[in-house]
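Here's the structure we're looking at; comments come further down.
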Amino acid sequence: MKYLVMVQGAQADYDAMNGKASAYSPAWNEQDLKTMFLYMKAVNDELSESGELIDGNGLAEPAQTRFVGRDPDGRPVITDGPYGETEEVLAGYWVLDCASLDRVTEIAERVSRCPVPEGVPEYPVVIRPIPDSPPVGEW
């Protein structure tokens, strides 16, 4: 079964990783970033070696995000970031092919233990199954 495993964050988290502290999150230093990246690299390497990793990546800060929608008259409404400090957005993801929900839960739990500086907000790691879909012509 395929699963989407997601980590969340807010603009304040990205700012903190760039050394800008706020009431929401302490500033990260170079060693904090190195520790996090090495931890995540180890997770990714193991998932790649096991054949479970299909895709994964961190995403750019919310300030570089754009929402595209429609107003009641059907005209496009485009909203750029940045967003409020506590508004959570998708910060990174993995697409995994795992034998079971228990296995992907084990991976998500490991991701949740990524080392971060004390005082950094904790976000849940979200798991969403990706159901097998029929080919487009068979809908």
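The values are calculated or read from the model by the stated rules, or taken from the named source; none is laboratory data. Treat the numbers as computed from the prediction; the structure is a model and nothing was measured. When we count neighbours, we look across all protein chains shown, and the Cβ atoms used for this are built from the backbone with ideal geometry, even at glycine. Only protein heavy atoms, including side chains, enter the accessible area calculation; ligands, DNA and RNA are left aside. Shrake-Rupley method; radii C 1.70, N 1.55, O 1.52, S 1.80 Å.
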**Residues of type aspartates and glutamates that Lys20 reaches as a straight line, Cα spacing below 17 Å, ignoring anything fewer than 8 places off in the same chain** = Glu30, Asp32, Glu61, Glu85, Glu118
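What is the magnitude of the charge dipole of the chain about its Cα centre, with +1 placed on the Cβ of each Lys and Arg, -1 on the Cβ of each Asp and Glu, and no other charges, expressed in debye to the nearest 20?
160
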**Net lengthening on full extension, Arg70/Met1 (0.36 nm per residue, minus Cα-Cα)** = 21.4 nm
**Message:** Relative contact order for segment 7-52: what percent, with Cα pairs under 8 Å and sequence separation of 6 or more?
**Reply:** 21
**Request:** May I ask you to give the percent of accessible area on the chain that is carbon plus sulfur, with a probe radius of 1.4 Å?
**Result:** 53
**Prompt:** In the set (i) 43, 33, 27; (ii) 51, 50, 18; (iii) 65, 32, 26, which value of Cα extents along the principal axes in Å was calculated from the structure you see?
**Reply:** (ii)
**Asked** Highest mean first, what order results for 32-44, 68-80 on Cβ atoms within 10 Å?
**Response** 32-44, 68-80
**Asked** In a shell of Cβ-Cβ distance under 15 Å around Lys2, excluding Lys2 itself, what net charge do Lys and Arg (+1) and Asp and Glu (-1) give?
**Response** -2
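For the chain, what is the calculated [θ] at 222 nm in deg cm²/dmol (nearest 500), taking -39500 (n - 2.57) for each run of four or more DSSP H residues and dividing by its residue count? List each step's numbers first, then the result.
Details: 3 runs with 40 residues, N = 139.
It comes out at -9000 deg cm²/dmol, rounded to the nearest 500.
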**J(HN,Hα) series, segment 26-41, from Karplus relation 6.51 cos²θ - 1.76 cosθ + 1.60, nearest Hz, glycine and proline x** = x, 5, 8, 10, 4, 5, 4, 5, 4, 4, 5, 5, 5, 4, 5, 4
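Students sometimes get this wrong: rank Tyr3, Tyr24 by accessible area, probe 1.4 Å, all chains present, largest first.
Largest to smallest exposure gives the sequence Tyr24, Tyr3.
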**Request:** Over the chain, give the accessible area per residue in Å² for a 1.4 Å probe, as an integer.
**Result:** 65
**Placed amide H near Gln8: partners under 5 Å, 5+ positions off or other chain** = Ala91
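Report the net charge of residues surrounding Ala63, where surrounding means a beta-carbon distance below 10 angstrom and charges are Lys +1, Arg +1, Asp -1, Glu -1.
Local charge sum for Ala63: -3.
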